[in-house]
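Worksheet: the structure to be examined is printed underneath.
Bear in mind these aren't lab numbers, they're just calculated from the coordinates by the rules spelled out. No experiment lies behind these values; they were computed from the predicted model shown. Note that each Cβ is placed from the backbone with ideal geometry, even for glycine, and that neighbours are counted across all protein chains shown.
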2 protein chains.
Amino acid sequence: MFESLPDRVSVYEVSPRDGLQNETAIVPTTKKQRLIEALAASGLTRIELTSFVSPKWVPQLADAEELCTLVDIKGSGVAYSALCPNIKGMERAIACGMPEIGIFISASETHNKKNVNKTIDETLATFVEVCAAAKQAGIKVRGYVSTLWGCPFEGAIDPRRGLQIAHQLVELGCYQVSLGDTIGVGTPLQTRDIVRLFLKELRPEQIALHMHDTRGTALANVIVGLECGVRDFDASIGGLGGCPYAPGAAGNLATEDLVFTLHGMGIQTGIDLDRLWEAGRVAESIVGRALPGKVHKAGVRSLRS
Amino acid sequence: MFESLPDRVSVYEVSPRDGLQNETAIVPTTKKQRLIEALAASGLTRIELTSFVSPKWVPQLADAEELCTLVDIKGSGVAYSALCPNIKGMERAIACGMPEIGIFISASETHNKKNVNKTIDETLATFVEVCAAAKQAGIKVRGYVSTLWGCPFEGAIDPRRGLQIAHQLVELGCYQVSLGDTIGVGTPLQTRDIVRLFLKELRPEQIALHMHDTRGTALANVIVGLECGVRDFDASIGGLGGCPYAPGAAGNLATEDLVFTLHGMGIQTGIDLDRLWEAGRVAESIVGRALPGKVHKAGVRSLRS
């Protein structure tokens, strides 16, 4: 075990989008800007800023355009991204000058239908248009395949269906596909099997893991993914995300816990953990509730070394 | 990875002792009884009941004798244990008819001194007397070596020192030594190295892992230990433990999260996860605060399967 650990892994920060879209309260744009600047100051180089979805569906992110004017989304050394569900979102992303976008689809037909009111095939057809526009505009595209470890409606999901979809996303031009345990039901053996399946047909840099911590398994699954060859992991500062009023919902793996662990294993991330921890304090102050991240709670200075 | 997983692992429940001793409020004895009965009803067969320490130092466990009269500590199918720091504690344990006791020592000289006001050698000398009395009374003895992953006072600890101590505990008659990441600083690579070191010289059934979740790494470390051959893991219901008023302190790995994960990997524990979850509700009600365990929060019925 751990005979071929990498020198470095890449952390993809999703809190401004995946975290804040699940907050009940709508966070003012200037406060989002503060959070994003704190995240960038920690050394994070990949940050998902927002989502160009309808404000009707996600009022928390209705300020996407305004946020793009406040954040230095070009030339800052940070690759900012935003989700685009369709060509309308893509047009907004182009107008804002986004350097990268994300497209998302579920490996579960039922979950996909409930999420975007389209079948998986209809969603993929939408992506053809989105990706063509992205290519023309010189915008990078990252894909998401969600509910791969299990669906709240269908239960177990055949990972081969997820792999088919991932192949289609890669063919459409996605430089990477982030595999999501959307409801946080994954266990390590399953993660080994899913990652092995994907890495038989895709290169390591083509996949990422996006693990939710609903049942406390996110970091264990990430470590299994790391051992199996994955080098890209999504995380959210302080574990931000999930609905605070819905028992059972929980956010992504906390970025601080991930970075603490990777650094403790001698793996570089380019991130300053002290400054990352400070960004977590900013996140907590702007959402006004205690965040669940463990290093966030414990601090990074409690062990003399 | 995971090419030789076991069919079954053993879970050692520490909440009545390691959990409750860290609660600020003193829990009434009959409420402890309720918790212990709920834990036993879930199928847990190893439960650390209390500690025969001075009530002056740990007033939360001053009711050790009374608790032993309320709980069916013999003939119940559950191996109940209690910590004994010295011969005085041992005499109390014998008087109560305890079938098993635990003795504890730190791999850090400074931590041991602050914890029991003795050097490591003085503590081992005390254990000679305790273990002789246990042998004579037919009582099983389990050892703990704490701060193996790091000490709050000394920082890094040489695991070879911990291994020496573990050997001495085994020679004194301990059937198993539980290796503790007392302040929850361990990362997976370190866990691999520590476990490998110990398993070069001890049999798997002679060691257990006792991981605190201060930085969110407990389950990841347990999975690494499992992969490296460990078959015994300590846990605490709901993640009970740590001082709720001390930021930075956190309890053991939550038993529900451990059992959910093991069962998800096809490994038996003999525990009914639904009933275990109910025991967590009891724990929460008797301490009167929200517990941090993730499955405890999310529930076990949120995924259709």
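More than 36 Å apart: what percent of Cα pairs in the protein assembly as shown qualify? Mind showing how you got there, number by number?
Numbers: 67886 of 185745 pairs.
Here the long-distance tail beyond 36 Å is 37 percent of all Cα pairs in the protein assembly as shown.
Taking a ≥ b ≥ c as the square roots of the eigenvalues of the Cα gyration tensor, chain A is rounded, since a/c falls below 1.5. Ordered by the number of other Cβ atoms lying within 10 Å of each residue's own Cβ, fewest first, B:111, B:167 fall into the sequence B:167, B:111.
Can you give the FRET efficiency for residue B:171 and residue A:110, using 1/(1 + (r/R0)^6), R0 = 60 Å, r = Cβ-Cβ distance, to the nearest 0.05?
0.50
The GNM of chain B, with springs linking C-alpha atoms under 10 angstrom apart, assigns the highest mean-square fluctuation among B:62, B:218, B:166 to B:62.
Shielding of peptide A:260-266 by partners, expressed as the average count of other chain Cβ atoms within 10 Å per residue Cβ, is 5. Geometric descriptor of region B:165-300, per residue, is 119 Å³ (volume of the convex hull of the Cα atoms).
Of the beta bridges DSSP finds with both residues in region A:10-298, what % are antiparallel, to the nearest 5? Don't skip to the answer; put the middle values down first.
On the way: 2 of 33 bridges.
Counting only bridges with both partners in region A:10-298, antiparallel ones make up about 5 percent.
Computed per residue of chain A from DSSP H runs no shorter than four, each worth -39500 (n - 2.57), the mean residue ellipticity at 222 nm is -12500 deg cm²/dmol.
Using alpha carbons only, what's the Rg to Rh ratio of region B:139-244 with Rh from Kirkwood? Don't jump to the answer; show the numbers that get you there.
Values: Rg = 12.9 Å, Rh = 13.7 Å.
Result: Rg/Rh = 0.94.
Candidates B:208, B:40, B:103 compared by Cα position along the dipole of chain B: farthest toward the positive end lies B:40, with charges placed on Cβ. Using a cutoff of 8 angstrom between alpha carbon atoms and counting only pairs six or more residues apart, the relative contact order for region B:19-133 works out to 22 percent. The share of C-alpha pairs in region B:207-282 whose separation exceeds 18 Å stands at 39 percent.
The modelled label-to-label distance for the pair residue B:79/residue B:129, using points 7 Å beyond Cα in the direction of Cβ, is 2.7 nm.
Inter-chain Cβ neighbour count for A:185-193, averaged per residue, equals 6 (cutoff 10 Å, partner chain atoms only). Using the structure shown, list the pairs from B:74/B:140; A:294/B:297; A:118/B:294; A:114/B:294 with a Cα-Cα distance above 22 Å, or answer none. As for pairs spanning more than 22 Å Cα to Cα, those are A:118/B:294; A:114/B:294. Dividing the alpha-carbon radius of gyration of region B:82-200 by the rule-of-thumb value 2.2 N^0.38 Å gives 1.05. Backbone N atoms of region B:33-52 closer than 12 Å to the 7 Å Cα→Cβ label point of residue B:137 belong to residues B:52.
Close amide-amide hydrogen proximity is noted between residue B:51 and B:83, each under 5 Å apart and 5 or more residues distant or on a separate chain (H modeled in the peptide plane; Pro and chain starts excluded). The convex hull drawn around the Cα atoms of region A:153-197, when projected onto a plane and averaged over every direction, covers 3.5 nm². For the pair region B:38-86 and region A:72-89, the centres of their Cα atoms are 57 angstrom apart.
The charge dipole of chain A, taken about the Cα centre with unit charges on the Cβ atoms of Lys, Arg (+1) and Asp, Glu (-1), comes to about 260 debye, rounded to the nearest 20.
Near residue B:176, the amide H atoms lying under 5 Å from its own belong to B:143; only residues 5 or more places off or on other chains count, and H is placed 1.01 Å from N. Sorted from nearest, the other copies put their residue B:278 label points 5.1 nm away, the label point being 7 Å from Cα in the direction of Cβ.
Across the identical copies, the 7 Å label point of residue B:161, projected outward along Cα→Cβ, sits 5.5 nm from its counterparts, in ascending order. As a ratio to 2.2 N^0.38 Å, the alpha-carbon radius of gyration for region B:1-129 is 1.14.
Gyration tensor analysis over the Cα atoms of region B:53-118 returns equivalent ellipsoid semi-axes of 25, 13, 10 Å (largest first, whole Å). Averaged over peptide A:152-160, the number of partner chain Cβ atoms lying within 10 Å of each residue's Cβ comes to 1. Between copies, residue A:57 shows label-point distances of 6.0 nm, shortest first, with the point placed 7 angstrom from Cα along Cα to C-beta.
Among residues of chain A, the one whose Cβ lies closest to the rotation axis carrying chain A onto chain B, together with that distance rounded to whole Å, is A:220, 2.
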